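The values are calculated or read from the model by the stated rules, or taken from the named source; none is laboratory data. Please read all numbers here as calculations on a predicted model, not as lab measurements. All Cβ positions, glycine included, derive from the backbone under ideal geometry; neighbour counts span all protein chains shown.
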Amino acid sequence: MYSGKRGKAGSKKPAKDKPLSWITYTPQEVEQLIIKLAKAEKAQSQIGTILRDSYGIPDVQKITQKKIGTILKEHKVNPELPEDLTSLIKRQTLLTRHIEKNKNDMTSRRGLLLTNSKIHRLTKYYQRKGVLPKGWTYTTEEAKYLSS
């Protein structure tokens with residue numbers, strides 16, 4: 001949206017829908033691994049990366065027929081705020097700290113404006129979808145608490 005000049009790099013998932021033959025984990029074992037990692041305060045993206053790199057599970061959805069977020073909701077270990085929103089809030093607090101030290105850094109000031117607008121857009125979206133309550137707002141004090 002803000003700059004379309006960075007390309008579309010990234011890995012693509014395999015097109016096969018059948019389960020892979022080398023995976024020895026059952027769906028219940030994969031769910032238990034996800035719950036264990038979530039209780040260790042790992043984010044959803046971190047859980048997927050750990051399962052891929054350490055356990056050799058390339059795609060949770062092919063094994064369990066559910067996404068990681070769905071499994072976390074079923075077992076009531078999902079975070080109160082979505083992961084993308086918390087990462088944007090963390091970025092916003094880091095940028096505000098940086099701008100307090102470096103008052104003339106206009107590039108970071110623009111990045112802060114863009115980050116704030118992304119946060120507001122995401123909160124409106126999550127309020128429409130019912131993930132966040134209707135009157136939910138955040139302040140910089142809450143953002144500092146969330147980012148630590």
Inside the range 66-139, counting only helices (runs of 4 or more DSSP H) that do not spill past its ends, which hold 1 or more residues that are closer than 21 Å to residue 37 by Cα?
-> 68-74, 83-101
Select, from 132, 113, 146, the only residue that is modelled with pLDDT of 90 or more and under 17 Å from residue 82 (Cβ atoms).
-> 132
Return the only residue of 138, 126 being closer than 23 Å to residue 70 by Cα, touching a helix residue (DSSP H, G or I) at 6+ places or on another chain (Cβ under 9 Å), surrounded by 11 or more Cβ atoms within 10 Å (Cβ to Cβ) and not hydrophobic (A, V, I, L, M, F, W, C).
-> 126
Restrict the check to the range 104-116 and report whether at least one residue is within 27 Å of residue 41 (Cα to Cα), outside the structural domain of residue 42 (by TED's automatic domain parsing) and of a type in the set (Lys, Arg).
-> no
What about residue 103, is it closer than 16 Å to residue 30 by Cα and either charged (D, E, K, R) or over 17 Å from the mean Cα position of the chain (by Cα) (or both)?
-> no
So which residues in the range 77-92 are surrounded by 17 or more Cβ atoms within 10 Å (Cβ to Cβ) and of a type in the set (S, T, N, Q), if there are any at all?
-> 78, 92
Apart from one, (1) over 25 Å from residue 131 (Cα atoms); (2) free of Cβ contacts under 8 Å to residues at least 24 places away in the same chain; (3) in the same structural domain as residue 138 (by TED's automatic domain parsing) all hold for residue 96; the odd one out is (2)
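Residue-by-condition table, conditions (1) farther than 24 Å from residue 125 by Cα; (2) aromatic (Phe, Trp, Tyr); (3) touching a residue at least 24 places away in the same chain (Cβ under 8 Å):
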{"site": "30", "(1), (2), (3)": "yes, no, yes"}
{"site": "40", "(1), (2), (3)": "yes, no, no"}
{"site": "45", "(1), (2), (3)": "no, no, yes"}
{"site": "53", "(1), (2), (3)": "yes, no, no"}
{"site": "58", "(1), (2), (3)": "yes, no, yes"}
{"site": "62", "(1), (2), (3)": "yes, no, yes"}
{"site": "65", "(1), (2), (3)": "yes, no, yes"}
{"site": "91", "(1), (2), (3)": "no, no, yes"}
